[in-house]
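Working notes, structure below.
The values are calculated or read from the model by the stated rules, or taken from the named source; none is laboratory data. This is a predicted model, so every value here is computed, not measured. Note that we place each Cβ from the backbone using ideal geometry, even for glycine, and neighbour counts take in every protein chain shown.
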Amino acid sequence: MPSVIELDLGLHKALEAHRISLEESQTDILRRVLDTTPRPVEPAPPSAPIPQDWLDQDDTTGRRTGHFRVRLHDREYYAGSQKSAYRLALIWLEKTRPGLLDILSRDGTGRRRVVARSPQALYPRSPQLTKHAEKLCDGWYVDVNLSREQKLARIKTACRLAQLDYDKDLIIEL
């Protein structure tokens, strides 16, 4: 049994603007415009195997909040949280460009560094924030008390320093 939906004049005009022929019913128009039929998608090439030392050994997130893609060249991984994806991207960039974390440790604001060799060095003027420092890899610590935008800005800086194109060489979906 068909349901009746009342449309105001503006919605009616918008619906009629999609009409192709006079033989087409309003239901036909809505079905066509709101088509949710899945489209065939090009399958992504399989990811190259990820070496064990490229995985985040110190990730303590524990909870999954989604699937956040990290792709560097031919390697791809879906992290369970934004924080995990951010950490993984930094690890992968360091594995691709050894010494990048050392360069990145000099970058940051006066209050916070992107990475450092100790929690205290991560927050030089804010010792109360050291509780937010987490081990990253190879004796490095990372600031993870960041918004999505802050994480992306830091990843873009890391890509620039690594001479890689963000959103081309490294894709991270937070």
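Between a residue in region 156-174 that is among the small types (Gly, Ala, Ser) and any residue that is crowded, with 17+ Cβ neighbours inside 10 Å and in a helix (DSSP H, G or I), which pairs come within a Cβ distance under 8 Å, given they are 6 or more apart or on different chains?
As it stands, the answer is 158/89; 158/90; 158/93; 158/100; 158/104; 162/93; 162/100, since those pairs meet every condition given.
Quick test for you: out of 111, 125, 69, pick the one residue that is assigned to a strand (DSSP E or B) and surrounded by fewer than 21 Cβ atoms within 10 Å (Cβ to Cβ).
69
Condition check: modelled with pLDDT of 85 or more, surrounded by fewer than 16 Cβ atoms within 10 Å (Cβ to Cβ) and among the basic types (Lys, Arg). Does residue 97 satisfy that?
When the stated conditions are applied, residue 97 does not pass them.
What tally of residues in region 9-36 results from selecting those that are in a helix (DSSP H, G or I) and either in contact with a Ser or Thr (Cβ under 8 Å, 6 or more places away or on another chain) or not hydroxyl-bearing (Ser, Thr, Tyr) (or both)?
15
Can you tell me which condition residue 75 does not meet? The list is (1) closer than 19 Å to residue 162 by Cα; (2) at pLDDT 90 or above; (3) basic (Lys, Arg), and all the others hold.
Condition not satisfied by residue 75: (2).
Scan region 138-151 for residues that are out of contact with any Asp or Glu (no Cβ under 7 Å at 6 or more places or on another chain) and crowded, with 18+ Cβ neighbours inside 10 Å and report the count.
4
Condition check ((1) in contact with a Phe, Trp or Tyr (Cβ under 6 Å, 6 or more places away or on another chain); (2) touching a residue at least 12 places away in the same chain (Cβ under 8 Å); (3) part of a helix (DSSP H, G or I)) across all residues:
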position	(1), (2), (3)
76	no, yes, no
98	no, no, no
106	no, no, no
130	yes, no, yes
137	no, yes, no
